[in-house]
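J.: One structure is given below, represented as structure tokens, and several questions about it will come after.
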Amino acid sequence: MTDPLARFREWQEAALAAGVTLPEAMTLATADEAGRPSARTVLLKGVDERGFVFFTNYESRKGRQLAANPHAALTFLWHTEPRRQVLVTGTVEKVSRAIGQLVPDVISWEWSKASRKGRARLDYTQNASIKTLVAPYAVRPAAGAPVSAPITWDELDDPDLRPNSWTIRTIVERVAERGDLFAGAQTDLQELPKV
């Protein structure tokens, strides 16, 4: 399988089937205009060719950081077998009203709380703290953007191996060739070679 989004969906479904609580939970890392990082857990609301969609208040810290610096990273970590970790990096942009069609069960344009029936008010046209309750964003991997991938000890001396050796398009081949080296990161005892 060479489609990274299809692979992600497959892995997320496997995590759900394995009993992972909230397989849609992801760590969102942002940075302010000075480059100071911040991370928090948010919920994935949708994924398609437009990117990975989540909601935030425009006036929240992450909303202000994303407005000042649209670069972000998402990390999904599923501890249950088959243990996996997914990293997505890219730029973030506000998503159009079409997001309401992607997740109609969680979105409403109604102002009245009673009329919303538990759904979130989405108003992408306003950016006032008293008007905008949630705002959708999508993280889209930049074409050719490097993807973080662990290496094995025997690869440390490879002069051709660089931190940006893999992209969103080539990482699937890497996983197919070497296996998912992140799989045991949370549970396996790691032994360092003697120096």
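Taken together, the values in this text are just the output of simple stated rules run on the coordinates, not laboratory data. What you see is a predicted model, and the numbers here were worked out from it, not measured in a lab. Counting neighbours? That spans all protein chains shown, and the Cβs are built from the backbone with ideal geometry, glycine included.
J.: For the pair E13 and E93, how long in nm is the line joining their label points, each one 7 Å along Cα→Cβ?
T.: About 2.9 nm separates the two model spin labels.
J.: A further question on this structure: For a quick protection proxy, order the peptides 76-85, 41-50 by their average other-Cβ count within 10 Å, most packed first. Write out the running numbers ahead of the final one.
T.: Working: 76-85: 17.3, 41-50: 14.7.
Going by the mean number of other Cβ atoms within 10 Å, highest first, we get 76-85, 41-50.
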